[in-house]
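Down below is the structure, laid out as C-alpha coordinates.
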Amino acid sequence: RRIILSGIQPTGTFTLGNYLGAVKNWRQLQKEYDCYYFVADLHALTVYHEPAMRRKASRAAFALLLACGLDPEESLVFIQSHVSAHAQMGWMLSCLSPFGDLSRMTQFKDKSAKHPEDINAGLFTYPALMAGDILLYQADYVPVGADQTQHLEFTRNVAARFNHVYGETFRLPEGYFPKAGARVMSLAEPTAKMSKSDENAKATIFILDDEKTILKKFKSAVTDSDAEVAFREGKDGINNLMTIYSAITGKSYDAITAEFAGKGYGDFKTAVGTVVADELRPIRERYAELLTDKAYLDAEIARGAERAAHIAEKTLAKAKRKMGLC
Ligand code: ATP
Ligand code: MG
(Lines give C-alpha, C1' and ligand atoms only; values in the text may rest on other atoms or scores of the structure.)
(Ligands and ions follow the chains in the order given, each with its own letter.)
Protein backbone atom coordinates (compact mmCIF):
# COMPACT_ATOMS: atom_id res chain seq x y z
CA ARG A 1 0.00 0.00 0.00
CA ARG A 2 1.02 3.59 -0.63
CA ILE A 3 2.27 5.61 2.33
CA ILE A 4 0.66 8.83 3.59
CA LEU A 5 2.30 11.08 6.15
CA SER A 6 1.19 14.31 7.79
CA GLY A 7 1.56 16.24 11.02
CA ILE A 8 -0.01 18.92 13.14
CA GLN A 9 1.61 21.28 15.65
CA PRO A 10 0.54 21.15 19.29
CA THR A 11 0.03 24.90 19.35
CA GLY A 12 -3.52 24.83 20.70
CA THR A 13 -6.86 23.10 20.35
CA PHE A 14 -7.48 22.22 16.70
CA THR A 15 -9.69 24.61 14.78
CA LEU A 16 -12.54 23.85 12.43
CA GLY A 17 -9.97 24.69 9.71
CA ASN A 18 -7.54 22.03 10.92
CA TYR A 19 -10.42 19.57 11.03
CA LEU A 20 -12.10 20.27 7.69
CA GLY A 21 -8.84 21.05 5.90
CA ALA A 22 -6.71 18.24 7.30
CA VAL A 23 -7.65 15.81 10.06
CA LYS A 24 -11.07 14.79 8.72
CA ASN A 25 -9.40 13.82 5.45
CA TRP A 26 -6.64 11.98 7.29
CA ARG A 27 -9.34 9.86 8.89
CA GLN A 28 -10.81 9.04 5.50
CA LEU A 29 -7.42 8.01 4.08
CA GLN A 30 -6.84 5.35 6.72
CA LYS A 31 -8.67 2.61 4.84
CA GLU A 32 -6.76 3.01 1.61
CA TYR A 33 -3.21 3.85 2.68
CA ASP A 34 -0.59 3.10 5.30
CA CYS A 35 -0.92 6.29 7.30
CA TYR A 36 1.55 7.98 9.63
CA TYR A 37 0.28 10.99 11.57
CA PHE A 38 2.30 12.85 14.14
CA VAL A 39 2.16 15.66 16.66
CA ALA A 40 4.89 18.06 15.50
CA ASP A 41 6.23 19.15 18.87
CA LEU A 42 9.77 19.77 17.58
CA HIS A 43 8.37 22.21 15.05
CA ALA A 44 6.38 23.90 17.81
CA LEU A 45 9.69 24.52 19.68
CA THR A 46 10.34 27.43 17.31
CA VAL A 47 7.89 29.38 19.51
CA TYR A 48 8.33 29.64 23.29
CA HIS A 49 5.80 27.84 25.46
CA GLU A 50 5.96 27.16 29.15
CA PRO A 51 7.33 23.57 29.50
CA ALA A 52 4.41 22.22 31.53
CA MET A 53 1.98 23.71 29.00
CA ARG A 54 3.97 22.25 26.13
CA ARG A 55 3.85 18.76 27.60
CA LYS A 56 0.13 19.07 28.19
CA ALA A 57 -0.49 20.43 24.70
CA SER A 58 1.31 17.51 23.02
CA ARG A 59 -0.74 14.96 24.95
CA ALA A 60 -3.89 16.91 24.20
CA ALA A 61 -3.05 17.02 20.48
CA PHE A 62 -2.46 13.27 20.47
CA ALA A 63 -5.81 12.69 22.18
CA LEU A 64 -7.51 15.08 19.75
CA LEU A 65 -6.20 13.10 16.79
CA LEU A 66 -7.72 9.92 18.23
CA ALA A 67 -10.93 11.77 19.10
CA CYS A 68 -11.17 12.95 15.48
CA GLY A 69 -11.25 9.32 14.43
CA LEU A 70 -7.63 8.39 13.75
CA ASP A 71 -7.54 4.78 14.79
CA PRO A 72 -4.21 3.69 16.32
CA GLU A 73 -4.91 0.14 15.15
CA GLU A 74 -5.17 1.33 11.58
CA SER A 75 -2.72 4.26 11.47
CA LEU A 76 0.53 4.99 13.20
CA VAL A 77 -0.01 8.00 15.46
CA PHE A 78 2.94 9.37 17.40
CA ILE A 79 4.67 12.36 18.94
CA GLN A 80 7.61 13.61 16.86
CA SER A 81 10.15 14.25 19.62
CA HIS A 82 9.67 10.72 21.00
CA VAL A 83 11.37 9.42 17.85
CA SER A 84 14.92 10.76 17.97
CA ALA A 85 15.55 9.97 14.30
CA HIS A 86 13.61 13.13 13.35
CA ALA A 87 16.08 15.52 14.97
CA GLN A 88 19.04 13.58 13.58
CA MET A 89 17.71 13.46 10.06
CA GLY A 90 16.75 17.13 10.30
CA TRP A 91 20.37 18.04 11.01
CA MET A 92 21.74 15.83 8.24
CA LEU A 93 19.34 17.38 5.73
CA SER A 94 19.98 20.93 6.94
CA CYS A 95 23.55 20.39 5.72
CA LEU A 96 22.10 19.86 2.23
CA SER A 97 19.74 22.84 2.44
CA PRO A 98 20.92 25.92 0.54
CA PHE A 99 20.75 29.13 2.55
CA GLY A 100 19.16 30.89 -0.43
CA ASP A 101 16.30 28.37 -0.67
CA LEU A 102 15.58 28.60 3.04
CA SER A 103 15.57 32.39 2.81
CA ARG A 104 12.86 32.28 0.16
CA MET A 105 10.34 30.32 2.25
CA THR A 106 7.23 32.45 2.69
CA GLN A 107 6.42 30.92 6.09
CA PHE A 108 9.83 32.04 7.37
CA LYS A 109 9.41 35.48 5.85
CA ASP A 110 5.89 35.87 7.31
CA LYS A 111 6.70 34.57 10.77
CA SER A 112 9.95 36.51 11.08
CA ALA A 113 8.26 39.71 9.91
CA LYS A 114 5.54 39.18 12.51
CA HIS A 115 7.98 38.62 15.39
CA PRO A 116 11.25 40.31 14.41
CA GLU A 117 12.39 40.13 18.04
CA ASP A 118 12.28 36.34 18.04
CA ILE A 119 13.82 34.90 14.89
CA ASN A 120 15.65 31.71 15.81
CA ALA A 121 17.63 29.25 13.69
CA GLY A 122 14.91 26.63 14.12
CA LEU A 123 12.39 28.86 12.40
CA PHE A 124 14.85 29.19 9.53
CA THR A 125 15.74 25.48 9.17
CA TYR A 126 12.14 24.32 9.77
CA PRO A 127 11.87 23.02 6.17
CA ALA A 128 14.88 20.71 6.67
CA LEU A 129 13.27 19.17 9.74
CA MET A 130 10.00 18.80 7.85
CA ALA A 131 11.84 17.13 4.98
CA GLY A 132 13.27 14.66 7.49
CA ASP A 133 9.81 13.94 8.91
CA ILE A 134 8.58 12.97 5.47
CA LEU A 135 11.63 11.18 4.07
CA LEU A 136 12.19 8.99 7.14
CA TYR A 137 8.98 7.12 6.33
CA GLN A 138 9.51 7.08 2.53
CA ALA A 139 6.09 8.69 2.17
CA ASP A 140 4.42 8.60 -1.24
CA TYR A 141 1.89 11.32 -0.49
CA VAL A 142 1.77 14.21 1.93
CA PRO A 143 -1.64 15.82 2.44
CA VAL A 144 -0.86 19.47 3.11
CA GLY A 145 -2.74 22.70 2.89
CA ALA A 146 -1.85 25.36 0.34
CA ASP A 147 0.27 27.03 3.05
CA GLN A 148 2.69 24.07 2.95
CA THR A 149 3.23 23.42 -0.78
CA GLN A 150 6.47 25.39 -0.82
CA HIS A 151 7.87 23.26 2.00
CA LEU A 152 6.90 20.11 0.16
CA GLU A 153 8.71 21.30 -2.96
CA PHE A 154 11.72 21.98 -0.75
CA THR A 155 11.52 18.41 0.57
CA ARG A 156 11.55 17.00 -2.95
CA ASN A 157 14.58 19.13 -3.83
CA VAL A 158 16.52 18.05 -0.75
CA ALA A 159 15.67 14.39 -1.37
CA ALA A 160 16.77 14.65 -4.99
CA ARG A 161 20.01 16.37 -3.93
CA PHE A 162 20.74 13.68 -1.35
CA ASN A 163 20.04 10.92 -3.90
CA HIS A 164 22.29 12.65 -6.42
CA VAL A 165 25.19 13.29 -4.04
CA TYR A 166 25.10 10.12 -1.92
CA GLY A 167 23.19 7.64 -4.07
CA GLU A 168 19.55 6.60 -4.31
CA THR A 169 18.10 6.67 -0.78
CA PHE A 170 14.81 8.57 -0.56
CA ARG A 171 11.50 8.35 -2.33
CA LEU A 172 10.35 11.75 -3.64
CA PRO A 173 6.97 12.50 -2.03
CA GLU A 174 4.04 14.10 -3.78
CA GLY A 175 1.40 16.42 -2.40
CA TYR A 176 -2.03 14.97 -1.82
CA PHE A 177 -4.91 17.35 -2.33
CA PRO A 178 -8.20 15.73 -1.39
CA LYS A 179 -11.30 16.82 -3.31
CA ALA A 180 -13.13 17.58 -0.09
CA GLY A 181 -10.32 19.61 1.47
CA ALA A 182 -11.73 22.93 2.58
CA ARG A 183 -9.75 26.06 3.35
CA VAL A 184 -11.51 27.69 6.25
CA MET A 185 -11.12 31.40 6.88
CA SER A 186 -11.30 33.46 10.06
CA LEU A 187 -14.87 34.35 11.09
CA ALA A 188 -13.75 37.84 12.09
CA GLU A 189 -11.50 38.56 9.13
CA PRO A 190 -12.58 36.25 6.28
CA THR A 191 -9.63 37.12 4.04
CA ALA A 192 -7.20 35.51 6.55
CA LYS A 193 -7.07 31.79 7.29
CA MET A 194 -8.51 30.44 10.50
CA SER A 195 -5.57 29.60 12.73
CA LYS A 196 -5.00 27.86 16.09
CA SER A 197 -2.80 30.63 17.33
CA ASP A 198 -5.16 33.51 16.45
CA GLU A 199 -5.61 35.73 19.51
CA ASN A 200 -9.16 36.77 18.62
CA ALA A 201 -11.40 34.07 20.13
CA LYS A 202 -14.39 35.19 18.04
CA ALA A 203 -12.46 34.45 14.84
CA THR A 204 -12.02 30.76 15.46
CA ILE A 205 -14.19 27.71 16.01
CA PHE A 206 -12.29 25.23 18.15
CA ILE A 207 -13.29 21.61 17.77
CA LEU A 208 -14.00 21.36 21.50
CA ASP A 209 -16.41 24.35 21.54
CA ASP A 210 -19.92 23.46 22.72
CA GLU A 211 -23.05 24.10 20.67
CA LYS A 212 -23.92 27.36 22.41
CA THR A 213 -20.46 28.81 21.81
CA ILE A 214 -20.44 27.64 18.20
CA LEU A 215 -23.84 29.23 17.44
CA LYS A 216 -22.76 32.45 19.12
CA LYS A 217 -19.52 32.65 17.14
CA PHE A 218 -21.30 32.05 13.84
CA LYS A 219 -23.93 34.64 14.77
CA SER A 220 -21.19 37.26 15.06
CA ALA A 221 -19.33 36.12 11.92
CA VAL A 222 -18.48 38.97 9.55
CA THR A 223 -20.64 38.93 6.38
CA ASP A 224 -21.84 41.66 4.00
CA SER A 225 -24.96 43.73 3.44
CA ASP A 226 -26.50 42.15 0.31
CA ALA A 227 -28.51 39.51 2.17
CA GLU A 228 -27.95 36.89 -0.52
CA VAL A 229 -26.50 33.46 0.21
CA ALA A 230 -24.42 33.10 -2.96
CA PHE A 231 -20.80 32.18 -3.60
CA ARG A 232 -19.02 34.93 -5.49
CA GLU A 233 -16.08 37.26 -5.43
CA GLY A 234 -16.18 39.98 -2.83
CA LYS A 235 -18.43 37.97 -0.47
CA ASP A 236 -15.58 36.51 1.60
CA GLY A 237 -17.61 36.05 4.78
CA ILE A 238 -20.54 34.29 3.07
CA ASN A 239 -18.17 32.28 0.84
CA ASN A 240 -16.48 31.00 3.98
CA LEU A 241 -19.77 30.00 5.62
CA MET A 242 -20.83 28.27 2.40
CA THR A 243 -17.51 26.43 2.24
CA ILE A 244 -18.00 25.16 5.78
CA TYR A 245 -21.65 24.21 5.23
CA SER A 246 -20.79 22.45 1.98
CA ALA A 247 -17.80 20.58 3.47
CA ILE A 248 -20.00 19.10 6.19
CA THR A 249 -23.27 18.45 4.36
CA GLY A 250 -21.82 17.63 0.92
CA LYS A 251 -24.29 20.09 -0.64
CA SER A 252 -23.22 22.11 -3.69
CA TYR A 253 -23.09 25.90 -3.60
CA ASP A 254 -26.10 26.09 -5.93
CA ALA A 255 -28.11 23.82 -3.67
CA ILE A 256 -27.19 25.97 -0.67
CA THR A 257 -28.20 29.16 -2.49
CA ALA A 258 -31.56 27.56 -3.36
CA GLU A 259 -32.04 26.33 0.22
CA PHE A 260 -31.66 29.83 1.66
CA ALA A 261 -33.34 31.87 -1.08
CA GLY A 262 -35.57 34.49 0.51
CA LYS A 263 -34.19 33.82 3.99
CA GLY A 264 -31.92 36.13 5.95
CA TYR A 265 -28.30 35.63 6.97
CA GLY A 266 -29.50 34.92 10.51
CA ASP A 267 -31.18 31.68 9.39
CA PHE A 268 -28.17 30.67 7.34
CA LYS A 269 -25.76 31.31 10.22
CA THR A 270 -27.91 29.22 12.55
CA ALA A 271 -28.00 26.40 10.00
CA VAL A 272 -24.21 26.46 9.60
CA GLY A 273 -23.70 26.58 13.38
CA THR A 274 -26.05 23.65 13.87
CA VAL A 275 -24.36 21.32 11.37
CA VAL A 276 -20.95 22.25 12.75
CA ALA A 277 -22.10 21.56 16.32
CA ASP A 278 -23.56 18.20 15.25
CA GLU A 279 -20.32 17.25 13.49
CA LEU A 280 -18.13 18.22 16.44
CA ARG A 281 -20.26 16.82 19.28
CA PRO A 282 -19.03 13.20 19.03
CA ILE A 283 -15.42 14.42 18.85
CA ARG A 284 -15.86 16.44 22.04
CA GLU A 285 -17.45 13.47 23.80
CA ARG A 286 -14.78 11.06 22.66
CA TYR A 287 -12.07 13.49 23.77
CA ALA A 288 -13.54 13.80 27.26
CA GLU A 289 -13.67 10.02 27.46
CA LEU A 290 -10.04 9.64 26.35
CA LEU A 291 -8.81 12.09 28.96
CA THR A 292 -10.34 10.01 31.74
CA ASP A 293 -8.32 6.98 30.63
CA LYS A 294 -4.78 8.12 31.36
CA ALA A 295 -3.33 4.61 31.15
CA TYR A 296 -4.75 4.00 27.67
CA LEU A 297 -3.45 7.32 26.36
CA ASP A 298 0.02 6.76 27.85
CA ALA A 299 0.16 3.28 26.37
CA GLU A 300 -0.87 4.47 22.90
CA ILE A 301 1.67 7.32 22.98
CA ALA A 302 4.44 4.88 23.93
CA ARG A 303 3.34 2.26 21.38
CA GLY A 304 3.13 4.87 18.61
CA ALA A 305 6.66 6.08 19.35
CA GLU A 306 8.04 2.57 19.40
CA ARG A 307 6.47 1.57 16.10
CA ALA A 308 7.48 4.84 14.41
CA ALA A 309 11.05 4.59 15.70
CA HIS A 310 11.36 1.10 14.28
CA ILE A 311 10.60 2.37 10.76
CA ALA A 312 12.44 5.68 11.04
CA GLU A 313 15.63 4.10 12.42
CA LYS A 314 15.95 1.91 9.35
CA THR A 315 15.89 4.87 6.97
CA LEU A 316 18.16 6.87 9.28
CA ALA A 317 20.74 4.06 9.37
CA LYS A 318 20.66 3.82 5.60
CA ALA A 319 21.14 7.58 5.19
CA LYS A 320 23.98 7.62 7.74
CA ARG A 321 25.75 4.79 5.92
CA LYS A 322 25.45 6.63 2.62
CA MET A 323 26.86 9.80 4.18
CA GLY A 324 29.79 7.97 5.72
CA LEU A 325 28.62 8.42 9.29
CA CYS A 326 28.58 4.75 10.15
P1 ATP B 1 -0.52 27.58 13.80
O2 ATP B 1 -1.29 28.87 13.86
O3 ATP B 1 0.09 27.20 15.11
O4 ATP B 1 0.43 27.48 12.64
P5 ATP B 1 -2.46 26.11 12.25
O6 ATP B 1 -3.91 26.25 12.56
O7 ATP B 1 -1.91 26.79 11.05
O8 ATP B 1 -1.68 26.49 13.57
P9 ATP B 1 -0.86 23.73 11.72
O10 ATP B 1 -0.51 22.79 12.84
O11 ATP B 1 0.20 24.68 11.24
O12 ATP B 1 -2.18 24.53 12.17
O13 ATP B 1 -1.39 22.88 10.48
C14 ATP B 1 -2.03 21.62 10.59
C15 ATP B 1 -2.75 21.28 9.30
O16 ATP B 1 -3.95 22.04 9.19
C17 ATP B 1 -1.95 21.56 8.03
O18 ATP B 1 -2.17 20.50 7.11
C19 ATP B 1 -2.56 22.84 7.50
O20 ATP B 1 -2.42 22.96 6.08
C21 ATP B 1 -4.02 22.68 7.92
N22 ATP B 1 -4.71 23.95 8.13
C23 ATP B 1 -4.35 24.92 9.00
N24 ATP B 1 -5.22 25.94 8.97
C25 ATP B 1 -6.18 25.63 8.05
C26 ATP B 1 -7.36 26.30 7.55
N27 ATP B 1 -7.73 27.48 8.01
N28 ATP B 1 -8.10 25.67 6.61
C29 ATP B 1 -7.73 24.46 6.15
N30 ATP B 1 -6.64 23.78 6.55
C31 ATP B 1 -5.85 24.35 7.50
MG1 MG C 1 0.28 26.77 10.55
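The values are calculated or read from the model by the stated rules, or taken from the named source; none is laboratory data. This structure is a prediction, so every number in the text was calculated from the model and none was measured. A quick note on method: Cβ atoms are made from the backbone with ideal geometry, for glycine too, and the neighbour counts reach across all protein chains shown.
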Note to self: Among the numbered criteria (1) within 16 Å of ligand 1 (Cβ to nearest atom); (2) farther than 30 Å from Asp110 by Cα, which one does Glu189 miss?
What the structure shows: (2)
Check: Could you say which residue among Ala160, Ala121, Ala128, Ala139 is in contact with a strand residue (DSSP E or B) (Cβ under 7 Å, 6 or more places away or on another chain) and more than 15 Å from ligand 2 (Cβ to nearest atom)?
Finding: Ala139
Notebook entry, point to check: With respect to Thr169, is the statement that it is in contact (Cβ under 8 Å) with a residue 24 or more places away in the chain and away from ligand 2 (no atom under 16 Å from the Cβ) true?
Noted result: yes
Note to self: Anything in region 233-291 that is acidic (Asp, Glu) and either farther than 19 Å from Asn18 by Cβ or over 21 Å from the mean Cα position of the chain (by Cα) (or both)? List them, or say none.
What the structure shows: Glu233, Asp236, Asp254, Glu259, Asp267, Asp278, Glu285, Glu289
Next item on the list: Name every residue in region 38-59 that is away from ligand 2 (no atom under 16 Å from the Cβ) and either aromatic (Phe, Trp, Tyr) or touching a residue at least 60 places away in the same chain (Cβ under 8 Å) (or both), in order of residue number.
Entry: Tyr48, Arg59
Margin query: If I ask for residues that are of a type in the set (Ser, Thr, Tyr) and either under 22 Å from Ala288 (Cβ atoms) or within 11 Å of the chain's Cα centre (by Cα) (or both), which ones from region 1-38 would you list?
Written below: Ser6, Thr11, Thr13, Thr15, Tyr19, Tyr37
Check: For region 59-107, which residues satisfy the criterion of being modelled with pLDDT under 95 and surrounded by 20 or more Cβ atoms within 10 Å (Cβ to Cβ)?
Finding: none
Next item on the list: State which residue is nearest to Phe170 (Cα to Cα) when the search covers only region 102-115 and only residues that are away from ligand 1 (no atom under 16 Å from the Cβ) and assigned to a helix (DSSP H, G or I).
Entry: Leu102
Check: Among strands (runs of 3 or more DSSP E) lying entirely in region 1-101, which contain 3 or more residues that are touching a Cys at 6+ places or on another chain (Cβ under 9 Å) and either within 21 Å of Val144 (Cα to Cα) or within 16 Å of ligand 1 (Cβ to nearest atom) (or both)?
Finding: 3-8
Checklist line | Enumeration of residues in region 303-326 that are touching a residue at least 40 places away in the same chain (Cβ under 8 Å) and within 17 Å of Val77 (Cβ to Cβ) | finding: Arg303, Gly304, Ala305, Arg307, Ala308, Ala309, Ile311, Ala312
Next item on the list: Please enumerate the residues belonging to region 172-185 that are more than 8 Å from ligand 1 (Cβ to nearest atom) and in contact with a strand residue (DSSP E or B) (Cβ under 7 Å, 6 or more places away or on another chain).
Entry: Pro173, Glu174, Gly175, Tyr176, Pro178
Check: Going by the conditions given, is Ala201 within 16 Å of ligand 2 (Cβ to nearest atom), hydrophobic (A, V, I, L, M, F, W, C) and at negative phi?
Finding: no
Margin query: Taking the condition of being surrounded by fewer than 13 Cβ atoms within 10 Å (Cβ to Cβ) and either touching a strand residue (DSSP E or B) at 6+ places or on another chain (Cβ under 6 Å) or of a type outside the set (Asp, Glu) (or both), how many residues in region 292-312 meet it?
Written below: 5
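Mind counting the residues in region 192-206 that are of a type in the set (D, E, K, R), touching a residue at least 12 places away in the same chain (Cβ under 8 Å) and more than 9 Å from ligand 1 (Cβ to nearest atom)? So that I can check it myself, show each step before the final result.
Restricting attention to region 192-206, the residues satisfying the condition of being of a type in the set (D, E, K, R) are 193, 196, 198-199, 202.
Imposing the further condition that a residue be touching a residue at least 12 places away in the same chain (Cβ under 8 Å) reduces the set to 193, 196, 198, 202.
Pick out the ones that are also more than 9 Å from ligand 1 (Cβ to nearest atom) and you get 202.
The number of residues fulfilling the criteria is 1.
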Notebook entry, point to check: All but one of (1) at pLDDT 95 or above; (2) crowded, with 20+ Cβ neighbours inside 10 Å hold for Gln30; which doesn't?
Noted result: (2)
